[in-house]
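Input: a single structure, listed below in structure tokens.
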Amino acid sequence: MAQKNNDEQFKNVISHAKEYGFVFQSSEIYDGLSAVYDYGQLGAELKNNIKTYWWKAMVQMHENIVGIDSAIFMHPKVWKASGHVDGFNDPMIDNKDSKKRYRADQLLEDKIARYEKDGKTDKAAKLQADMDAALTAENLPQLKVLIEEHEIACPVSGTKNWTEVRQFNLMFSTQFGAMAEGSDEVYLRPETAQGIFVNFLNVQKSGRMKIPFGIAQIGKAFRNEVIARQFIMRMREFEQMEMQFFVRPGEDKKWFEYWKEARLKWHQALGTAPEKYRYHDHVKLAHYANAATDIEFEFPFGFKEVEGIHSRTDFDLTQHQEYSGKKMQYFDNDLNEDGKPFGNYVPYVIETSIGLDRMFLLTMINAFEEQDLSTEDKQDSRTLLRLHPALAPYKVAVFPLTKKDGLPEKAREIMNTLKFDFNCIYEEKDAIGKRYRRQDAIGTPFCITVDHQSLEDHTVTIRHRDSMDQERVAIADLADIVGKAVSWKTLLA
Ligand code: GAP
């Protein structure tokens, strides 16, 4: 099949996601809500499997990491302490003719990408440096100067008639009924991390955790993104999988390197080509960080961040200590080099933060394949989701060859044994070939066909999704064959 260009391939993934019930536009019958998406029947399964992979790798495989599930609503002071009320802003600029709003830095990023594409690398590097310098509150007007200097026009109106650049806070706020007047504004959390920080002592004490230890959680986060695009890449409601690892001051750099490597390994265990991933070490650091790196994946629209690993120092716990008036310290009675206890301190934190929806998109893009199966005599093709079997929504599809002669009953009997351990689907409609193709398209690693021979010798054919090979196996061996392939051990051992 002719090689599709990246745009076309991305569009195909999006329409495939909708056609097979992975992702739908939210409130579609009302023409949708921008940058909000719903996960359909297969999307919910795939998403759960990605969560399980993360949870197992981060929580269950580590004796010193535990998981929590904190509330989305938090005391408003949390966001004052964390810096989100004052600093969680994007620089926005409006085009006066089209009335369209853009992120000023994004317009410049797009220009840099265009310079790079045209081989103007010096220009690209210079603009990148100028933009980095302008991305501070006091230098913000400089962003407009750069937009004008580089003759960036609004993609809609085509004009260069821009407003000044303004800061736009990304947090959604809402009213909280029971609180006293004047202090009743609460925020939908823009990250899950703060729910971990404020529970640091609760978990440490109740779990008798000893440093170094981690607290992980998976949950929704909300950001009123100025521009949201590229499907589920940048959403206004999304999910994060975050882990804060609390360490001794001075050991932060060592743990930062550890998590940087461990997190890339987690990604690569899924079998993705290594060149699809890269680190992007931050040169310009947030005020609270002493090191930060992104794990980037090569999406059809270029290398983009999927996960951040941040060395956040003691910033967050110190801020919460100050704003809450409660001590956020740990007593370390291990002995230091001088034979004395380390004593009381505010721990340093290494954070790993991955967007679940971005991981979902990455997984779909990586798995999506249009295969040409034509022979000299016949044109043929198939769409395949080459998902790792542990992530596949269904592990097994069970088909009776025909709808009669007791074959459906036998197929149901097999399914009724397998379904306790594996998510199974039963199909009796359409010819077998067509049923195989449908399962290929949703990533089911095994199709089991029950035929007349099955009734006599208790065997079935098992068909492997990727190779399309079929073999005859004993019904009694099915659970073992499937179990080995879909086991989390294949990813975690
Ligand atoms: N606690 C740190 C934190 O939130 P971040 O870099 O802002 O750091 C972490 O976000 C991850 O969350 C990103 O790497 C990305 O995968 C995901 N993410 C952030 N904003 C998102 C959005 N609007 N839509 C989807 N995913 C998003």
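Throughout, read-outs are computed from the coordinates displayed, never taken from laboratory work. Since the structure is predicted, the reported quantities are computational estimates derived from the model, not experimental observations. Methodologically, a virtual Cβ is constructed for each residue, glycine included, from the backbone with ideal geometry; neighbour enumeration extends over all protein chains shown.
Some notes on this structure:
- Of all aspartates and glutamates in the structure, those lying under 15 Å Cα to Cα from Lys265, and not within fewer than 8 positions of it along the same chain, are Glu257, Glu275, Asp294, Glu296, Glu307.
- Spacing of the two label points (7 Å from each Cα toward its C-beta) at Lys220 and Asp457, in nm: 5.5 nm
- Rounded to the nearest 10 degrees, the inclination of helix 104-117 to the longest alpha-carbon principal axis of the chain is 60 degrees.
- In order through the stretch 248-262: 3J(HN,Hα) via Karplus (6.51 cos²θ - 1.76 cosθ + 1.60), integer Hz, x for Gly, Pro: 5, x, x, 9, 5, 5, 4, 6, 4, 5, 4, 6, 4, 6, 4
- Projecting the Cα atoms of Trp488, Ile448, Thr417 onto the dipole axis of the stretch 387-492, where Lys and Arg carry +1 and Asp and Glu carry -1 at the beta carbon, places Trp488 farthest toward the positive end.
- Going by neighbour counts of Cβ atoms within 10 Å, the residues Val186, Val85 line up, fewest first, as Val85, Val186.
- Gyration tensor (alpha-carbon) shape descriptor, the stretch 89-169, a/c threshold 1.5: oblate
- The stretch 89-169: relative contact order as a whole-number percent, Cα under 8 Å and 6+ apart: 45 percent
- In order along the stretch 80-94, the Karplus-derived 3J(HN,Hα) couplings, from 6.51 cos²θ - 1.76 cosθ + 1.60 at θ = phi - 60°, round to 6, 4, 6, x, 6, 5, 8, x, 8, 10, 10, x, 10, 9, 10 Hz, and Gly and Pro are given as x.
- Lysine pairs in the stretch 89-169 with Cα atoms under 28 Å, if 8 or more residues apart or on separate chains: 29
- Its relative contact order, with pairs defined as Cα atoms under 8 Å and 6+ residues apart, puts the chain at 13 percent.
- For the stretch 387-492, the Kirkwood hydrodynamic radius comes to 13.6 Å, computed from all pairs of different C-alpha atoms.
- Relative contact order [Cα under 8 Å, 6+ residues apart], the stretch 243-373, whole percent: 28 percent
- If the Kirkwood radius is taken over C-alpha pairs of the chain, then at 10 °C and 1.306 mPa s the Stokes-Einstein diffusion coefficient equals 62 µm²/s.
- Relative to the dominant Cα principal axis of the chain, helix 407-418 is inclined by about 40°.
- Over 27 Å apart at the Cα level, from the set Lys18/Lys404; Lys254/Lys326; Lys220/Lys260, are Lys18/Lys404; Lys254/Lys326.
- Going from the fewest other Cβ atoms within 10 Å to the most, the residues His464, His320 appear in the order His464, His320.
- The long axis of helix 121-134 is offset from the longest Cα principal axis of the chain by roughly 60 degrees.
- Centre-to-centre separation between the Cα atoms of the stretch 312-364 and those of the stretch 233-267: 12 Å.
- Between Gly177, Pro212, Ala476, the Cα set farthest toward the positive side of the dipole of the chain (charges on each charged residue's Cβ, about the Cα centre) is that of Gly177.
- About its Cα centre, the chain has a charge dipole of approximately 480 debye under the convention of +1 per Lys or Arg Cβ and -1 per Asp or Glu Cβ, with nothing else charged.
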